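Student: Okay, here's the structure, questions in a sec.
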Amino acid sequence: MNPNDIAQSIADGQTALGVEFGSTRIKAVLIGPDHTPLASGSHDWENRFEHGVWTYHLDDVWTGLQDAYRKLSDEVQTRYGVRLQTVGVLGFSAMMHGYLPFGADGSLLAPFRTWRNTMTGQAVEELNSLLQFNIPQRWSIAHLYQAVLNNEPHVQDIRYLTTLAGYVHWQLTGQKVVGVGEASGMFPIDSRTGSYDARMLALADERFAAAGLPWRLADILPQVLPAGADAGVLSEEGARRIDPSGQLRGGIPLCPPEGDAGTGMVATNSVAERTGNVSAGTSV
């Protein structure tokens, strides 16, 4: 496509914008209708070790997203002479797993516990025995169960538990959903139903009820959606959170938020049976 055609495609919203919250960098990439990358922006960030927990502050999520988007938008203006006011579709991915518990008023009840934390050994041992399923230490259910074992006061007040990608999507659309790949790092998935394993949910809920907790897992976990499902639209308030300048408009459709495992498979075309990809990124 020539620059004039690209500029028209951007103005008409015939584009897709993807944003990835990686461990060391937030990346935003805009592609055209033929999947050619048109512009990008990034923001470096680092997790912090505070009070024995590897974490990111939620304020850094938004300042980083705004910086990456601003750089992308500036590149669009410089290269194609058009202001970026809308895109055809929008999607977010992030480092998988982790623990972000919220109360009824939407406030964060405990610092974001990332995939990097290995503090859930007792929980994993008990869950593996209970569910007869291998639960990694970094999974959301492992962090939740460990918080219960530790008698952390906030667990009584949890009304929503999600991941980083799920949190960003929720704040921008109002939808408490995650893609099935992301959900598989929260709790075991039943491949026949494409949602959380009902038998394992019941077993875990028995333990939580015995601990006197007022919620069931199905009530606090995000809804699971398959790839390509309608996951809501960008609200006007959400558009301001991405672009405080006011240029970006709301109403953009979003796909379900995913983890970096699923996006890595797509990027390497490793989505068919008997194919796979290996991550060489930051790891425990």
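Student: Round to the nearest 10 and report in Å² the accessible area of PHE21, as given by a 1.4 Å probe over the protein chains' heavy atoms.
Tutor: Here the accessible area works out near 0 Å².
Student: Hey, another quick one. Give the ranking of TYR80, TYR145 by solvent-accessible surface, highest area first, calculated with a 1.4 Å probe.
Tutor: TYR80, TYR145
Student: May I ask for the Kirkwood hydrodynamic radius of region 1-149, worked out over all distinct Cα pairs and given in angstroms to one decimal? Mind showing how you got there, number by number?
Tutor: Numbers: mean 1/r = 0.0567 Å⁻¹.
Every distinct Cα pair counted, the radius reaches 17.6 Å.
Student: About its Cα centre, what dipole magnitude does the chain give when the only charges are +1 on Lys and Arg Cβ and -1 on Asp and Glu Cβ, stated in debye to the nearest 20?
Tutor: 120
Student: With every protein chain in place, what's the accessible area of SER195 (1.4 Å probe, Å², nearest 10)?
Tutor: That residue has around 40 Å² of solvent-accessible surface.
Student: Roughly how many Å is it from the Cα centre of region 38-79 to that of region 1-21, as a whole number?
Tutor: Cα centroid of region 38-79 versus Cα centroid of region 1-21: 21 Å apart.
Student: Based on Cα positions only, what radius of gyration and what Dmax would you give for region 98-219, in angstroms?
Tutor: In order Rg, Dmax, the Cα atoms of region 98-219 give 13.5, 38 Å.
Student: When the scattering of region 195-266 is computed by the Debye formula from its Cα atoms alone, each counted once and equally, what is log10 I(q)/I(0) at q = 0.17, 0.27 Å⁻¹?
Tutor: For the requested q values the scattering log ratios are -0.84, -1.13.
Student: What are the semi-axes of the equivalent ellipsoid of the chain, taken as the square roots of 5 times the eigenvalues of the Cα gyration tensor, listed largest first and rounded to whole Å?
Tutor: 35, 20, 17
Student: Also, quick follow-up: Tell me, what is the 1.4 Å probe accessible area of ARG79, in Å² to the nearest 10?
Tutor: Only protein atoms counted, so the area is about 130 Å².
Student: Only Lys, Arg, Asp and Glu count, each charged at its Cβ (+1, +1, -1, -1), so figure out the dipole size of region 1-158 about its Cα centre, rounded to 20 debye. Kindly include the intermediate steps, with their values, before the conclusion.
Tutor: Numbers: 10 positive and 17 negative charges, 52 e Å.
My answer is approximately 260 debye.
Student: If I compute solvent accessible area with a 1.4 Å probe over the protein chains, what percent of it on region 133-284 is carbon and sulfur?
Tutor: Roughly 51 percent, rounded to a whole number.
Student: GNM on the chain, C-alpha springs below 10 Å: top fluctuator among ASP34, ASP67, ASP157?
Tutor: Ranking ASP34, ASP67, ASP157 by mean-square fluctuation puts ASP34 first.
Student: At a 1.4 Å probe radius, which order do ARG216, ARG48, ARG241 fall into by accessible area, largest first?
Tutor: Of ARG216, ARG48, ARG241, the descending order of accessible area is ARG216, ARG48, ARG241.
The values are calculated or read from the model by the stated rules, or taken from the named source; none is laboratory data. Nothing here was measured: the structure is a model prediction, and the numbers come from that model. Using ideal geometry, Cβ is built from the backbone for each residue, glycine included, and neighbour counts are taken over all protein chains shown. To get the accessible areas, we keep the full protein, side chains included, count just its heavy atoms, and leave off ligands, DNA and RNA. Shrake-Rupley method; radii C 1.70, N 1.55, O 1.52, S 1.80 Å.
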